[in-house]
Each structure stands twice: as C-alpha cells, then as structure tokens.
C-alpha cells in the first residue's frame with residue numbers, strides 16, 4: 001500500500017511542495033514523502049538547492065543598499081513636499097497681508113466728508129474726514145481731479161472711523177500744478193477747478209472753482 005502511494009507522487013507535485021518544504025511548514029508525513037522523492041530524483045534535488053540558494057542571502061552581499069536607496073528617495077520626496085507646502089503657506093500669508101494692509105480701496109465721495117477751502121498762501125487746502133491710505137491727483141486743461149483710497153485694515157479699526165475731530169489735508173496751488181502723468185514734469189498750468197472722483201463715483205464732484213479774476217486769459 002505504501003509503495004502504491006509513492007508511485008502516485010510525481011515531480012510536479014514535489015515541485016509544488018518544495019517552497020513549503022524549504023520554509024519548513026509541511027507536516028511530518030509530507031516532509032517524509034518529499035525526502036524520499038528527493039533521495040531518488042536528482043532534478044527535484046537541484047530545484048530544492050536552487051530554491052534554498054535564492055532564499056538565503058549570500059555572504060558579503062549588502063542587502064541593505066536597495067533599502068537605503070528607497071529611504072533616500074522617500075526622504076527627498078518628503079523634503080520637496082515640505083518645501084512646497086511652506087512656499088504655499090508663505091504665498092498665502094503674503095496675499096493676506098497685501099489684501100488686508102496694502103490693497104487700496106477707493107473712497108467714494110460723500111458731501112461734507114471731502115471738502116476744499118481756499119487758503120491765503122495761493123493754495124487750496126483739501127480736507128478728508130477720517131484717515132486714508134493714499135491719494136492721487138491729475139490735471140487736465142487746468143482742472144485737477146483728486147481721489148483718496150483706504151485699506152481694509154484702516155476700515156476695521158474703530159479709532160480710524162470717520163470723526164468730526166479728525167481731518168487730514170494737503171494743499172494744491174491755485175495758480176499752478178506740475179503735470180507728471182507722463183513721467184516728466186510738464187509746464188505748469190493755472191488751476192481752474194478742483195474735482196473729486198474715485199473709481200466708485202460715476203461723475204466728478206466739484207470741490208473748488210477759481211474766481212474769474214484769478215484765472216488768466
């Protein structure tokens with residue numbers, strides 16, 4: 001009966017069992033069958049030796065080198081991701097700072113908030129009720145156009161809100177103003193009128209107009 005069982009075990013079956021035999025996970029009976037077959041089959045014995053050679057690292061071979069390469073690649077990728085994330089955070093912070101502090105918002109005209117008053121030293125004083133971020137002025141054929149801007153930071157601060165006791169002003173000569181719109185100083189012009197017009201205003205608002213006797217023909 002034993003002999004009949006052994007005759008049914010082919011090399012294909014043994015080849016399937018060799019990996020398990022090399023890992024020593026077969027049952028005792030299966031091990032015995034494989035051993036008996038290997039004692040008689042040179043081909044299967046060579047296959048077992050090859051399997052054992054491939055599964056056991058050779059002496060002197062540095063098996064950690066591939067792992068170090070993989071680790072180095074992962075570290076490089078992590079560094080790139082960290083730098084990219086830091087750059088994105090920095091750009092977001094710069095954008096927020098610009099948006100809050102430096103993005104100029106036009107100040108729309110309101111009666112009594114922006115006024116002009118003729119002074120005694122050949123100038124016209126321009127007043128704005130409350131604080132502002134910047135100002136612009138242009139001159140066209142003797143007409144001066146002025147505008148003010150604010151920022152979100154200024155608007156958010158309660159002590160920067162418009163207050164009757166808080167005025168800011170600058171002066172415009174009522175006899176001449178240099179036009180620097182082209183980057184070069186042009187010849188001065190006599191001021192005929194001063195208007196206020198921001199990007200929010202659909203039309204200019206007259207702040208001051210020269211009297212006929214002050215205008216040159």
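Condition first: under 15 Å from residue 201 (Cβ atoms) and touching a residue at least 60 places away in the same chain (Cβ under 8 Å). Now tell me which residues in region 112-149 satisfy that. Within region 112-149, 114, 146 qualify. Looking at this structure, is residue 134 under 34 Å from the mean Cα position of the chain (by Cα) and modelled with pLDDT under 85? The answer is yes for residue 134. Based on this model, can you work out whether residue 77 counts as modelled with pLDDT under 80, out of contact with any helix residue (DSSP H, G or I) (no Cβ under 8 Å at 6 or more places or on another chain) and assigned to a helix (DSSP H, G or I)? In short, no.
Yes or no: residue 154 touching a helix residue (DSSP H, G or I) at 6+ places or on another chain (Cβ under 7 Å) and either modelled with pLDDT of 55 or more or exposed (fewer than 13 other Cβ atoms within 10 Å of the Cβ) (or both)?
Working: touching a helix residue (DSSP H, G or I) at 6+ places or on another chain (Cβ under 7 Å): yes; either modelled with pLDDT of 55 or more or exposed (fewer than 13 other Cβ atoms within 10 Å of the Cβ) (or both): yes.
Yes.
One residue alone among 62, 12 is surrounded by fewer than 10 Cβ atoms within 10 Å (Cβ to Cβ) and at pLDDT 80 or above, and that residue is 12. Does residue 114 satisfy the condition of being modelled with pLDDT of 80 or more, surrounded by 13 or more Cβ atoms within 10 Å (Cβ to Cβ) and closer than 25 Å to residue 193 by Cα? So residue 114 passes the test.
The values are calculated or read from the model by the stated rules, or taken from the named source; none is laboratory data. Worth saying up front: this structure is predicted, and the values here are computed from it rather than measured. No Cβ is skipped: glycine too gets one built from the backbone with ideal geometry, and neighbour counts run over all protein chains shown.
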